[in-house]
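The values are calculated or read from the model by the stated rules, or taken from the named source; none is laboratory data. Bear in mind that the values here come from a model prediction, so they are computed numbers and not experimental data. When we count neighbours, we look across all protein chains shown, and the Cβ atoms used for this are built from the backbone with ideal geometry, even at glycine. Calculation scope for accessible area: heavy atoms of the full protein, side chains included, ligands and nucleic acids excluded. Shrake-Rupley method; radii C 1.70, N 1.55, O 1.52, S 1.80 Å.
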Amino acid sequence: MKGIILAAGRGSRMKGMTEAQPKCLVAVRGKSLLEWQLDAMRDAGVEEIAVVTGYKRELLCDYGLKEFHNPRWAETNMVSSLVCASEWLLEEACIVSYSDIFYSCQAIQSLQETNAPAAITFDPNWLKLWEDRFGDPLLDAETFRLNPDNTLAEIGRKPKGVEEIQGQYMGLLLFTPQVWLEVEHFLEDLLPADRDTLQMTGMLDDLITRRNLSITAIPYNGLWGEVDSQEDLALYL
């Protein structure tokens, strides 16, 4: 099983902290977000790791990682960055990580241990963190509903209340080649402009509702956080 880290974006909401470096090099608790991700994957036994680069790609050259580059990083979203790594996704199962999160190796291990062809991790105890980050958690939260068998029923829509949110998607995914091939077929049916602006959670929601794809949701109760702003960093000190 391989690992892919999506690190193409700048992270403009970090303001001056990303003027000279990509967001994944911002430090949290003494090490960069990228180092958190690499440590977690390697501690879980993931040896082959790639990074999808974009902004300031030259600063990621010294980490010994396979590079997939998104030359259109400034005008596309994370789904387009992931497509740049299709070569790996079609070869074997891959764990995919956003680059603005940190977590322990247990999050990676939970994905390794599933037999599901597609899976994500989620935080069932998300509400306190989102209240700390945003005051009103509904300012940023998206719907997250589960079926009785712990597969996703809905994700990524605007919630009317916290009762529509059974957990927080973390930005960690698992795709097998058979599922990624289905993703590619789905993306081929979209207009180029729609592909460019497609959000990851929107794609997952479309896959489960329009393509009847089963995506297992795995609860994770360990250390993790998402860094979208300088204010977020203060929460994790």
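Using +1 at the Cβ of each Lys and Arg and -1 at the Cβ of each Asp and Glu in the chain, identify which of Thr76, Cys105, Pro219 lies farthest towards the dipole's positive end.
Ranked along the dipole, the leading option is Thr76.
So if we plug the beta-carbon distance of Arg13 and Asp149 into 1/(1 + (r/R0)^6) with R0 = 45 Å, what FRET efficiency do we get, rounded to 0.05?
0.80
Taking the chain as a Gaussian network, where each spring joins two C-alpha atoms under 10 Å apart, which residue of Lys31, Lys56, Lys23 fluctuates the most?
Largest GNM mean-square fluctuation: Lys31.
Hand me the trypsin sites (Lys or Arg not before Pro) from region 109-179 located in a DSSP loop with no more than 14 other Cβ atoms within 10 Å, in residue order please. Present the calculation step by step, with values, prior to reporting the outcome.
Details: sites: Lys128, Arg133, Arg145, Arg157, Lys160; in loops: Arg157, Lys160.
Answer in residue order: Arg157, Lys160.
Taking the Cβ of Leu111 as the center, what net charge do the other residues with Cβ under 14 Å away carry, scoring Lys and Arg +1 and Asp and Glu -1? Write out the running numbers ahead of the final one.
Details: positive: Lys2; negative: Asp43, Glu92, Glu113.
Counting the neighbours of Leu111, the net charge comes to -2.
Just the accessible area per residue of the chain, please: how many Å² with a 1.4 Å probe?
It amounts to 45 Å² per residue over the chain.
Which FRET efficiency, nearest 0.05, do Gln109 and Leu139 yield, Cβ-Cβ r, R0 35 Å?
0.60
Among the lysines, select those whose C-alpha is under 19 Å from the C-alpha of Lys31, and discard any that sit fewer than 8 residues away in the same chain.
By straight Cα distance, Lys31 reaches Lys23, Lys56.
With the chain treated as a Gaussian network of Cα nodes joined by springs under 10 Å, which of Leu127, Leu25, Leu59 yields the largest mean-square fluctuation?
Its mean-square fluctuation being the largest, the pick is Leu59.
Show which lysines lie in cross-link reach of Lys160 when reach means a straight Cα distance below 23 angstrom and same-chain residues fewer than eight apart are skipped.
Result set, ordered by chain and number: Lys128.
Take the Cα pairs of the chain, get the Kirkwood Rh, then feed it into Stokes-Einstein at 20 °C and 1.002 mPa s and tell me D in µm²/s.
119
How big is region 72-184 on each of its three principal axes, counting only the C-alpha atoms and giving the largest first in Å?
Cα extents, longest axis first: 42, 37, 26 Å.
Taking H as built 1.01 Å from N, whose amide H comes closer than 5 Å to the amide H of Glu154, not counting residues under 5 places away?
Residues meeting the amide H criterion: Arg145.
Give me the mean projected area, in nm² to one decimal, of the convex hull enclosing the Cα positions of region 58-117.
5.4
Using just the helices of the chain, give the 222 nm mean residue ellipticity in deg cm²/dmol: DSSP H runs with n ≥ 4 each add -39,500 (n - 2.57), and the total is spread over all residues, rounded to 500.
-8000 deg cm²/dmol
Using the reciprocal of the averaged 1/r over all distinct C-alpha pairs, how large is the Kirkwood radius of region 1-122 in Å?
14.6
Using modelled amide H (1.01 Å from N, peptide plane; none on Pro or chain starts), what sits under 5 Å from the amide H of Phe122, excluding residues fewer than 5 places away?
Close amide H contacts, sequence-distant or interchain: Ile218, Tyr220.
Where nothing but the Cβ of Lys and Arg (+1) and of Asp and Glu (-1) is charged, how large is the charge dipole of the chain around its Cα centre, in debye to the nearest 20?
360
Who wins for biggest fluctuation among Asp123, Asp100, Asp43 in a Gaussian network model of the chain, springs between alpha carbons below 10 Å?
Asp43
Residue by residue through region 220-227, which ³J(HN,Hα) values in whole Hz follow from phi under the Karplus form 6.51 cos²θ - 1.76 cosθ + 1.60 (θ = phi - 60°), with glycine and proline marked x?
The phi angles translate into 9, 10, x, 5, 6, x, 10, 10 Hz.
Sum up the charges of everything whose Cβ sits under 13 Å from the Cβ of Thr121, counting Lys and Arg as +1 and Asp and Glu as -1, but leave Thr121 out. Please report the intermediate quantities before stating the final value.
On the way: positive: none; negative: Glu113, Asp123, Glu226.
Surrounding charge for Thr121 is -3.
Out of the total accessible area of region 77-142 (probe 1.4 Å, heavy atoms of protein only), what percent is carbon and sulfur?
Carbon plus sulfur share of accessible area: 48 percent.
Just need the Rg to Rh number for region 151-237, please, alpha carbons only, Kirkwood Rh.
Rg divided by Rh gives 1.01.
Keeping the other protein chains in place, figure out the carbon and sulfur percent of the accessible area of region 1-48, with a 1.4 Å probe. The partial results should precede the final answer.
Details: 870 of 2130 Å².
After summing per-atom areas, the C and S share lands at 41 percent.
Roughly how big is region 1-118's charge dipole about its Cα centre, with Cβ charges of +1 (Lys, Arg) and -1 (Asp, Glu), in debye to the nearest 20?
Details: 12 positive and 15 negative charges, 118 e Å.
In debye, rounded to 20, region 1-118 gives about 560.
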